[in-house]
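Scroll down for the structure; my scribbles are underneath it.
The values are calculated or read from the model by the stated rules, or taken from the named source; none is laboratory data. Everything quoted here is computed from the prediction, not taken from an experiment. Virtual Cβ from ideal backbone geometry, glycine too; neighbours counted across all protein chains shown. All accessible areas refer to the heavy atoms of the entire protein, side chains included, with ligands and DNA or RNA removed. Shrake-Rupley method; radii C 1.70, N 1.55, O 1.52, S 1.80 Å.
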Amino acid sequence: MASTAESSPHDFWATDELVLRTMDFLPHPDLRNCVQVSQSFNRIAVQSVLDRLKIWNAEHNATLPLANNPNDLDGLSALLLSVHVKSLSLVVFDLGKVTSLKAALKTFDKMQRLVERVESVHTVHVRWPSGAYGVNKQPQISDKALVSAFRCVEEFFSTVITKGCTSLQFTGFDAFASIYQLKKHPAITAAASKALKASPTVERSTSSSPIWGSAWFKGYLPSRHTRAATPWISLTPPSPKLGEVTKLARLLVQSTTVLRPPFSQWLFGILQASPVIYMSISLEDTPDNKVEFNLMLDRLAEALPKVITIHLVDGARAGVMKDTVAWLGQFQLLESVRIEPECFFAAGNTITTEDLGPLARLPNIRELVSSSSFICAYIAARHLEVVYKVGDFTVSQGR
């Protein structure tokens, strides 16, 4: 009994739980010092920061609200100090509190350093603040500053791709959506476009002829609304080496700004080289310019010919659903379609049987989830073929 009584205090004070509780009261500079004491203190000090964010296992699931001051000890800084986190299965980088472009770029640099340190990253979700750097809040951002910013962002995502990322989600990338648009190269005539489509060896990327050097990719230029056809910026496309290592299979786009210049050149290059089979896209902030919107859809279809599942979310702008439904007919391998009912709420988005012709002709559709009116129109467009394929086809009514 005596030996037990003598050893109990020592055992009690040596427990991880008590050390963790003690570190909860330490200021951030002292926590940074504790991280460097030993591997055990490193693990406990880092976890004391993550516990405040309710991150119990960072390698499995880590949602990181990032501080506006890059020098603060937030979850990202804690993981950068960790010597134990070797991989990231699901990581969410939330820049919702980052209110300046300068701070955002420093944060993206820290995010890149974290990804470089780990062995693998599987699912990455980046939330960039919506309109945080708008004209009403800060001085107008110059073209030069904008290009530098997106190059920094592209370097981060390129690093993510090299680490084996299979699922990529963009949210809130609409801070610069007001003045930039896609524009088709005027030198690509209608005849040339037909020739490109008729020659898959030219249009699609291969290991010897990457997409960012092909005629297909050069067929599109970024431009300002107010300028002529000459591109206002010149960006470096993704490295061809990324096309050799990419494992990206899922793309989730909550803002169509990533499909517009200056980020679109990098993104479409990566998509063309990746084995993407699932795509989710929000139609809430699609461009007002119908020509640009259709060009955006066409580029997605060209870049992602192997997609088998498409999910359309959020309320669509008025009048865009007819073109969107027709666009679905370009995905010849499509098997599953989910269209949230709110996509049809705006004026001009009612879909008729005639509008569903391209989608109804796809041979591999096995699942359709949407509003009851859309499903009925689809069945009518299929001339009731579903009756004969009921064993292979499933329809579900959305809420």
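Observations on the model:
- Just one residue in the set V337, V395, V325 is at pLDDT 90 or above, surrounded by 16 or more Cβ atoms within 10 Å (Cβ to Cβ) and not in a helix (DSSP H, G or I); that residue is V337.
- Take the conditions (1) in contact with a Cys (Cβ under 6 Å, 6 or more places away or on another chain); (2) open to solvent by 20 Å² or more (accessible area, probe 1.4 Å); Q39 misses just one of them, which is (1).
- Strands (runs of 3 or more DSSP E) fully within the stretch 204-310 counting 1 or more residues that are at pLDDT 90 or above and within 20 Å of F150 (Cα to Cα): 250-253
- In the stretch 79-86, the count of residues that are β-branched (V, I, T), part of a loop (DSSP other than H, G, I, E, B) and over 23 Å from T159 (Cβ atoms) is zero.
- Enumeration of residues in the stretch 152-175 that are at pLDDT 70 or above, at negative phi and in a loop (DSSP other than H, G, I, E, B): K163, C165, T166, F173
One line per residue, one yes/no per condition, for (1) assigned to a loop (DSSP other than H, G, I, E, B); (2) of a type in the set (D, E); (3) modelled with pLDDT of 90 or more:
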position	(1), (2), (3)
K110	no, no, yes
L114	no, no, yes
V121	no, no, yes
N136	yes, no, no
F150	no, no, no
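- Residues of the stretch 349-363 that turn out to be assigned to a loop (DSSP other than H, G, I, E, B) and open to solvent by less than 50 Å² (accessible area, probe 1.4 Å), as a count: 3
- For A316: the one exception among (1) at pLDDT below 90; (2) in contact with a helix residue (DSSP H, G or I) (Cβ under 7 Å, 6 or more places away or on another chain); (3) open to solvent by 40 Å² or more (accessible area, probe 1.4 Å); (4) closer than 16 Å to S373 by Cβ: (3)
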